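First comes the structure, then the notes that go with it.
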Amino acid sequence: MKEKTVAIVTDIQGDFTTAKNGVLAAPDTDETFLAKVADATAVLRKHGVVIYGTQDWHPAGHISFAVNHPGRTPFETIEIDCRTQVLWPPHCIQDTEGAEIIIDSDLFENIVRKGHNPRFDSYSGFQDDGGIETDMNDLLKAGGFTKVIVYGIATDYCVKATAIDAHIRGYKVIVIEGLSKGITPDSTASALKEMEEKGIVIIDEIDPAKIDAM
Ligand SMILES: [Zn+2]
């Protein structure tokens, strides 16, 4: 029997894309990239893969925003309660245009929001830095999924964290590098290496037959 496969398309939101002049845009997230992601997602869907999305969804007072830490600037790293937190420009604030998912919403069966707790950041679609789970794992378990494909923005943050958390929870995980963009080249290269070392399969483009065979 064919394994049930879900694709988790991470954080395709205005604030993370150059296409929308996002405040925290990953390089090369232009209209061409968005069209490629949308087309590939439609192909997977046609092939029987169920499509989930994640959506970064912060309150204005979120801990990850540099403006909420007087004297700090974006991209600095600070220690909070023994956790390392990268500080970001304010982004993906709930109910703002920048937080909207900008590929066709009809593609998605489910959108899982993350990062709504002001005290904890949440790169992973499965849980935040405080260990509080989203609905993701329960939804995937209820759906009988065993294989998880992950791609989107950003390779070195939310794609990586979501893929690793899926791997830890026992799913077979495939990351599609060509449908993902990272914030910096160095952290993207090390994220891909780290995922591969954990046993996550990295492929460049979608290939439904190859994905079925994994
Ligand atoms: Zn965020």
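Give me, ordered by chain and number, the residues 5 or more places off residue 53 or on other chains with an amide H under 5 Å from its own placed amide H.
For residue 53, the qualifying residues are 9, 110, 111, 112.
Quick one: which residues, 5+ away or cross-chain, put their amide H under 5 Å from the amide H of residue 75? H built at 1.01 Å from N.
87, 88
Taking a probe of 1.4 Å, how large is the accessible area per residue of the range 95-214, in Å²? List each step's numbers first, then the result.
Details: 5470 Å² over 120 residues.
Ligands and nucleic acids excluded, the result is 46 Å² per residue.
Just to check I understand the Karplus step: with θ = phi - 60° and J = 6.51 cos²θ - 1.76 cosθ + 1.60, what whole-Hz values come out for the range 154-169, glycine and proline as x?
Running phi through 6.51 cos²θ - 1.76 cosθ + 1.60 with θ = phi - 60° gives 10, 3, 7, 10, 6, 5, 4, 5, 5, 5, 5, 5, 5, 4, 4, 7 Hz.
Order 91, 116, 167 by their accessible area, 1.4 angstrom probe, all chains in place, largest first. Mind showing how you got there, number by number?
Values: 91 5, 116 100, 167 60 Å².
I get 116, 167, 91, largest accessible area first.
What's the local net charge at residue 36, with K and R +1, D and E -1, over the other residues with C-beta under 11 Å away? It would help to have the intermediate numbers written out before the result.
On the way: positive: 181; negative: 28, 30, 31, 39, 205.
Value of the local net charge: -4.
Going 7 Å from the Cα of residue 186 in the Cα-to-Cβ direction, what parts of the range 66-103 have a backbone nitrogen less than 17 Å from that spot?
75-78, 86-87
Within the range 22-46, which residues have the backbone N less than 19 Å from the label spot 7 Å out from residue 75 along Cα→beta-carbon, could you tell me?
22-30
Tally Lys/Arg at +1 and Asp/Glu at -1 over every other residue whose Cβ is under 12 Å from the Cβ of residue 90; what's the total? Before the final figure, lay out each step's value.
Numbers: positive: none; negative: 15, 56.
Local charge sum for residue 90: -2.
Determine the gain in length on full extension of the stretch residue 141-residue 106; use 0.36 nm per residue of separation and subtract their C-alpha separation, reporting nm with one decimal. Numbers along the way, then the final one.
Working: separation 35, 0.36 × 35 = 12.60 nm, distance 2.25 nm.
Here the answer is 10.3 nm.
Among the listed pairs 46/160; 141/198; 114/147, which are separated by more than 30 Å between their Cα atoms?
In this structure, no pair lies more than 30 Å apart at Cα.
Based on alpha-carbon centroids, what's the gap between the range 47-107 and the range 28-44 in Å, whole number please?
21
Residues of the range 77-97 with backbone nitrogen within less than 13 Å of a virtual label 7 Å along the Cα-to-Cβ line of residue 23, please, listed as ranges.
88-97
If DNA, RNA and ligands are ignored and the probe is 1.4 Å, what is the ranking of 95, 11 by accessible area, most exposed first? Walk me through the numbers on the way to the answer.
Values: 95 135, 11 0 Å².
Result of the area sort, largest leading: 95, 11.
Each residue of the range 189-200 in turn: what ³J(HN,Hα) in whole Hz from Karplus with 6.51, -1.76, 1.60 and θ = phi - 60°, glycine and Pro shown as x?
Whole-Hz 3J(HN,Hα) from phi for the range 189-200: 4, 6, 5, 5, 5, 4, 5, 4, 5, 7, x, 7.
Which FRET efficiency value, to the nearest 0.05, is calculated for residue 133 and residue 94 with the Förster distance at 22 angstrom and r the Cβ-Cβ distance?
Between residue 133 and residue 94 the formula returns 0.65.
For the residue pair residue 47 and residue 213, what label-to-label distance in nm results when each label sits 7 Å from Cα along the Cα-to-beta-carbon direction?
1.2
Which ³J(HN,Hα) values in Hz, rounded to whole numbers, follow from the phi angles of the range 2-11 under the Karplus curve 6.51 cos²θ - 1.76 cosθ + 1.60, where θ = phi - 60° and Gly and Pro get x?
5, 5, 7, 10, 10, 9, 9, 8, 8, 6
The values are calculated or read from the model by the stated rules, or taken from the named source; none is laboratory data. Remember, predicted model here, so these are calculated numbers, not experimental data. No Cβ is skipped: glycine too gets one built from the backbone with ideal geometry, and neighbour counts run over all protein chains shown. In case anyone asks, the SASA skips ligands and DNA or RNA and just uses the protein heavy atoms, side chains included. Shrake-Rupley method; radii C 1.70, N 1.55, O 1.52, S 1.80 Å.
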